[in-house]
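Q: Once you've had a glance at the structure underneath, I'll fire off some questions.
The numbers here are math on the coordinates, done by the rules we state, and not lab data. Computed from a predicted model, the values in this text were never measured in an experiment. When we count neighbours, we look across all protein chains shown, and the Cβ atoms used for this are built from the backbone with ideal geometry, even at glycine.
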Amino acid sequence: MIKADFSTMIKTLQALLKIESVESSPLPNMPFGKNCAEALEFVLRLLCDMGFRVKNLDNYCGYAEIGEGELFGILGHLDVVPAGNGWTYPPFGATLVDGKLFSRGAIDDKGPTVACIYAVARLINEGRKPKKRLRFILGCDEESGWKCMERYSISEEMPIAGFSPDADFPVINCEKGVVHYTISIKLPKGIVEFSAGTRTNVVADLSLVKVESSSFPSLINLNSDASSIIETKDNYIFIKSCGISAHASRPEEGVNALLKSLHLLSLDSRELKCIHNAFSKNDGSGCKLDFYDEKSGALTLNLATAEIKADVLSFTLDIRFPVSCSKDEIIKILKSTLPFAEITQDSYHLPLYVAEDAPLVKTLLAAYDRVMGSSSKPITIGGGTYARVLPLGVAFGPVFPNTVSTVHQKDEFISLSDLALITEIYYQAIKDLVF
């Protein structure tokens, strides 16, 4: 038996948060780098100590299982996006201040994953025995490309049903489709450097540009402002644009530094003006992609990164689309809007929809409402969770309605009061579904 009290859970979570599990260059038997492998080993060892049967799948992912019978899954991820800029506290310090635990991964997704684990530990300590096989599936590539789930599906049994604690409460029964694109153009004359953003699923909080002043004369006499610093030195102009990072599924919560740079460069570049105008509005209306349906809401987009390779300037684009829309339709419109660009599709996830009256949805809602004293309905999100890999799966927590989410933002945190509530909700739900 392992201690399952709240203070022990906090110490476990802090230790996990201090592992900087951002995907890095692969190493032998470590496809996502040393730190992601370390995070996976940490959690598998914890679950093994709790009595679970554990398996590491080449450090792509791993799982821990207990019980017999029908397989039910709880799917979380241990990788995190890069820290970004402007943190008040060290992004991997797991700093506890005024009842808040600050760290990259606190809410996405280490905090809720640990909450689920300790909810199960409590059930086991109470002497309850699972009526199904309960399997924690732990991925290490959720933020980049889902190679972890591809590896899992090759050799392992997929749970019949389950949930992913990686989004919002009360229950998400509909997830928009997600598709990423690379947009490449011939490097415009006079651009020497252009670097912006960190990941396709993050709103860019910093953009750095260096151009020849002779090619961008409109910038010569422009003054800096609070968000874009413009400096001239010798025959070059330097632009530093600052924004606010956010999750790409909620681009309206951030401020896109890349778009700020593009706005300035578009004064002297027809191609960059077209790109800026196409993606300056989060709803896609700038490029005729403002799709909407009743089930899943409106399309959103995020022009995320920029980089130069040889004589090519490339951007990455994140689009979250309604269930009634198709990625084939999207790329057709993109190519029509930007005929001078080469547009290639990268990773994608098709939409997810589970009926509101499905027993899984109703059971999770009932557990949430029992703890919160509410009467709730399922919701739709633009984010994509591991629930999509299941025959029957939904996302369940951890962000509460009408609260500020710091997912993919600086100073990401989880409050201890929320964490206690989250853990109780998972305890009630897992008890109803598995024990």
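Q: Take the alpha-carbon centre of the range 190-222, take the same for the range 238-312, and report the distance between them in whole Å.
A: 14
Q: Would you list THR423, THR232, THR305 from fewest to most Cβ contacts within 10 Å?
A: The fewest-first ordering by Cβ neighbours comes to THR232, THR305, THR423.
Q: Figure the gain on full extension for SER375 and PHE238 (residue separation times 0.36 nm, minus the Cα-Cα span) and round it to one decimal in nm.
A: Answer, rounded to one decimal: 43.9 nm.
Q: Another question, then. About the Cα centre of the range 342-435, what is the dipole size in debye to 20, counting +1 per Lys and Arg Cβ and -1 per Asp and Glu Cβ, all else neutral?
A: 260
Q: At 0.890 mPa s and 25 °C, plugging the Kirkwood radius over alpha-carbon pairs of the chain into Stokes-Einstein gives what diffusion coefficient in µm²/s?
A: 109
Q: Also, quick follow-up: Taking neighbour counts of Cβ atoms within 10 Å as a proxy for exposure, in what order, fewest first, do ARG370, ARG133, ARG320 appear?
A: In order of increasing Cβ crowding within 10 Å: ARG370, ARG133, ARG320.
Q: Then there's this: List the DSSP H helices in the chain whose Cα atoms stretch 18 Å or more along the helix axis and whose mean Kyte-Doolittle hydropathy is at least 0.5.
A: On the way: long enough: 34-49 (22 Å, 0.52); 110-125 (22 Å, 0.83); 359-372 (19 Å, 0.70); 416-433 (25 Å, 0.57).
Passing helices, by number: 34-49, 110-125, 359-372, 416-433.
Q: If the cut-off is a Cα-Cα distance under 18 Å, which lysines reach LYS210, setting aside same-chain residues fewer than 8 apart in sequence?
A: LYS186, LYS189, LYS233, LYS240, LYS260, LYS273, LYS309
Q: Evaluate E = 1/(1 + (r/R0)^6) for LEU416 and THR363, where r is the Cβ-Cβ distance and R0 equals 30 Å; express this FRET efficiency to the nearest 0.05.
A: About 0.65, to the nearest 0.05.
Q: Something else: Return the calculated 222 nm mean residue ellipticity for the chain, to the nearest 500 deg cm²/dmol, obtained by summing -39500 (n - 2.57) across DSSP H runs with n ≥ 4 and dividing by the residue count.
A: -8500 deg cm²/dmol
Q: Subtract the Cα-Cα distance of HIS263 and ALA226 from 0.36 nm times their separation in residues, and report this length gain in nm to one decimal.
A: 11.8 nm
Q: Right, next: What do you get for GluC sites (Glu not before Pro) in the range 222-298 restricted to DSSP loop and a cutoff of at most 13 other Cβ within 10 Å of the site's Cβ?
A: GLU294
Q: Compare LEU303, LEU78, LEU317 in a GNM of the chain, Cα atoms joined below 10 Å, and give the one with the largest fluctuation.
A: Looking only at LEU303, LEU78, LEU317, the biggest GNM fluctuation is shown by LEU317.
Q: Also, I was wondering about something else. Which residue, LEU360, LEU27, LEU16, tops the fluctuation ranking in a GNM of the chain built on C-alpha contacts under 10 Å?
A: Of the options given, LEU27 has the highest mean-square fluctuation.
Q: Another question, if that's okay. Between ILE331 and ILE154, what is the label-to-label distance in nm when each label sits 7 Å out along the Cα-to-Cβ direction?
A: Spacing of the two 7 Å Cα→Cβ label points: 2.4 nm.
Q: Can you classify the range 1-113 as rounded, prolate or oblate using the Cα gyration tensor, where a ≥ b ≥ c are the square roots of its eigenvalues, rounded means a/c under 1.5, and otherwise it's prolate if a/b beats b/c and oblate if not?
A: oblate
Q: Specify the inter-centroid distance of the range 371-416 and the range 39-114, based on alpha-carbon positions, in whole Å.
A: 16
Q: Tell me which lysines have Cα within less than 24 Å of LYS176's Cα, excluding those fewer than 8 residues away on the same chain?
A: LYS110, LYS147, LYS281, LYS288, LYS295, LYS327, LYS332, LYS335, LYS362, LYS377
Q: Report the residue, chosen from SER241, SER218, SER195, that carries the largest GNM mean-square fluctuation when the chain is represented by alpha-carbon nodes joined by springs under 10 Å.
A: Looking only at SER241, SER218, SER195, the largest GNM fluctuation is found for SER218.
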